[in-house]
Amino acid sequence: MPVQIRKLDSTDPDFRSQLSAVLAFEAAEDEAIDQAAARILADVKARGDSAVLEYTKRFDRLDATGIAALEIPRAELHAALEGLPPARRTALQTAADRVRAYHERQKQECGSDGFTYTEADGTVLGQKVTPVDRVGIYVPGGKAAYPSSVLMNAIPAKVAGVQEVIMVVPTPSGVKNELVLAAAAIAGVDRVFTIGGAQAVGALAFGTDTIPAVDKIVGPGNAYVAAAKRRVFGIVGIDMIAGPSEILVLCDGTTDPDWVAMDLFSQAEHDELAQSILICPDAGYIERVQASIDRQLESMPRKEVIRTSLTNRGALVKVRDMEEACDIANMIAAEHLEISADNPRQWADRIRHAGAMFLGRFSSESLGDYCAGPNHVLPTSRTARFSSPLGVYDFQKRSSIIHVSEAGAQTLGRIAAELAYGEGLQAHAASAEYRLK
């Protein structure tokens, strides 16, 4: 049965409204979920370990005598690594090495060493960069187990210099994913607790007798986890509130249509709300991609999820030319942007908003998910207009350095006092004037 994916044409008078309808995603918070998360957080804040144990028993069917029984010893993490089949262990190690190398280079290039400079009168100004002390990473468990998320969240934290990384991962009915545990060993995670949900977020944010409070929480989770992260922001830092996964493919019609169809599938298979869009100036090529979608779908184990995603949120968009394709891409500001063209850099230069750009027909988005090196935690739902991929910089903070010389205080003190009087803040003015000769 053909996939009923929407086809749009940029020359249609109502194209913009049609595209807006495709992009529309109501991330409206479910009030029941938000209130449930709020109750759980309040309970964990008040009762600590006892509350976490009760929720873990209720939601994950784990009846532990104490939180200590839910902590996985580091020896077990390394045993999981040792027990992997050789090919899988090599793949995991290679991916980790590439992720680490990229983020080490990122640390060098993003001003992580701080700076100072001295003015003519001896005043020293600058910035000191220091890592966050302790970070919590949330890793999905149960059916959705993602070792790649462990690497992408823990490695940049360690590269940034975070002293302690604490991982929480739900293990419903006690079922542990050995690849996730192995990834924790490779990434240098310090402690792992088999807890999940809003209760895990609360434990990390507030701390309990057993689980220390962290300074920042990162990592994806379900709606309850997202609601809890939103509520604890301000008590701790968070990375982002992520929406459904997205891919936007800009293609000039020169790539094998089977490749592009499968790239669209690679996001659509995440869940029914994921979004996959192709933009191309070649109408005949769009038809070939449609035919490939219909032909290849039946071989996909998650074909019903893909079909629903493409039908409800997918689109094949015909445009006038690649210049217009880039303009539309900037408006969409997709999480993943593939530029599958003969001269991808030409078009990449025109892109201002994208979480990650994959240039050339051999750069499939799936490589970025696992092993290319750059982080796969990316802004979604058009937030790439103002935010960035998770990186080393997310695990650091910057302190301004102000060392005013006696001579500098004579100049700056008069300026500050004048402005303070203008604001009606007499003590501010006096504080500056006390330093004047």
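Step by step: first the residues of segment 91-106, then only those that are charged (D, E, K, R) and out of contact with any Gly (no Cβ under 6 Å at 6 or more places or on another chain), then the one that is farthest from Leu390 (Cα to Cα). Which residue is that?
Applying the filter and picking the extreme gives Asp97.
Can you pull out the strands (runs of 3 or more DSSP E) entirely within segment 334-437 that have at least 1 residues that are of a type in the set (Asp, Glu)?
Filter on segment 334-437 gives 336-340.
Could you tell me how many of the residues in segment 18-42 are part of a helix (DSSP H, G or I) and free of Cβ contacts under 8 Å to residues at least 40 places away in the same chain?
Final tally of qualifying residues: 8.
Could you tell me whether segment 303-315 includes any residue that is free of Cβ contacts under 8 Å to residues at least 24 places away in the same chain and not in a loop (DSSP other than H, G, I, E, B)?
Taking every residue of segment 303-315 in turn, at least one turns out to be free of Cβ contacts under 8 Å to residues at least 24 places away in the same chain and not in a loop (DSSP other than H, G, I, E, B).
Can you go through Gly237, Gly197, Gly243, Gly219 and tell me which one is touching a Lys or Arg at 6+ places or on another chain (Cβ under 7 Å) and touching a residue at least 40 places away in the same chain (Cβ under 8 Å)?
So the residue among Gly237, Gly197, Gly243, Gly219 that is touching a Lys or Arg at 6+ places or on another chain (Cβ under 7 Å) and touching a residue at least 40 places away in the same chain (Cβ under 8 Å) is Gly237.
Of all residues in segment 1-57, which are touching a helix residue (DSSP H, G or I) at 6+ places or on another chain (Cβ under 6 Å) and loosely packed, with under 12 Cβ neighbours inside 10 Å?
Within segment 1-57, Pro2, Gln4 qualify.
Would a scan of segment 173-182 turn up a residue that is over 26 Å from Gln396 (Cα atoms) and free of Cβ contacts under 8 Å to residues at least 60 places away in the same chain?
Among the residues of segment 173-182, at least one is over 26 Å from Gln396 (Cα atoms) and free of Cβ contacts under 8 Å to residues at least 60 places away in the same chain, which makes the answer yes.
With Ala79, Ala68 as the choices, which residue is assigned to a helix (DSSP H, G or I), over 28 Å from the mean Cα position of the chain (by Cα) and more than 30 Å from Gly368 (Cα to Cα)?
Ala68
Taking Thr116 as the residue in question, decide whether it is in a strand (DSSP E or B), of a type in the set (S, T, N, Q) and under 26 Å from Ala101 (Cβ atoms).
It is false that Thr116 is in a strand (DSSP E or B), of a type in the set (S, T, N, Q) and under 26 Å from Ala101 (Cβ atoms).
So which residues in segment 148-162 are without any contact (Cβ under 8 Å) to a residue 60 or more places away in the chain and in contact with a strand residue (DSSP E or B) (Cβ under 8 Å, 6 or more places away or on another chain), if there are any at all?
If the condition is that a residue be without any contact (Cβ under 8 Å) to a residue 60 or more places away in the chain and in contact with a strand residue (DSSP E or B) (Cβ under 8 Å, 6 or more places away or on another chain), then Val150, Ala154, Lys158 are the ones that fit.
Could you say which residue among Gly391, Gly422 is without any contact (Cβ under 8 Å) to a residue 60 or more places away in the chain, out of contact with any His (no Cβ under 6 Å at 6 or more places or on another chain), small (Gly, Ala, Ser) and not assigned by TED's automatic domain parsing to the domain that holds Pro131?
Residue meeting the stated conditions: Gly422.
Hey, could you check segment 135-151 for residues that are within 9 Å of Gly219 (Cβ to Cβ) and assigned to a helix (DSSP H, G or I) and say which is modelled with the highest pLDDT?
Across segment 135-151, the extreme among qualifying residues is Val150.
Take the residues in segment 1-17 that are touching a residue at least 12 places away in the same chain (Cβ under 8 Å) and not hydrophobic (A, V, I, L, M, F, W, C); name whichever of them is farthest from Met300 (Cα to Cα).
Thr11
So which residues in segment 82-113 are free of Cβ contacts under 8 Å to residues at least 12 places away in the same chain and assigned to a helix (DSSP H, G or I), if there are any at all?
Glu82, Pro86, Ala87, Thr90, Asp97, Arg105, Gln108, Glu109 - these are the residues of segment 82-113 that are free of Cβ contacts under 8 Å to residues at least 12 places away in the same chain and assigned to a helix (DSSP H, G or I).
The values are calculated or read from the model by the stated rules, or taken from the named source; none is laboratory data. Since the model is a prediction, treat every value here as computed from it, not as a measurement. Cβ atoms come from the backbone with ideal geometry, glycine included; neighbour counts cover every protein chain shown.
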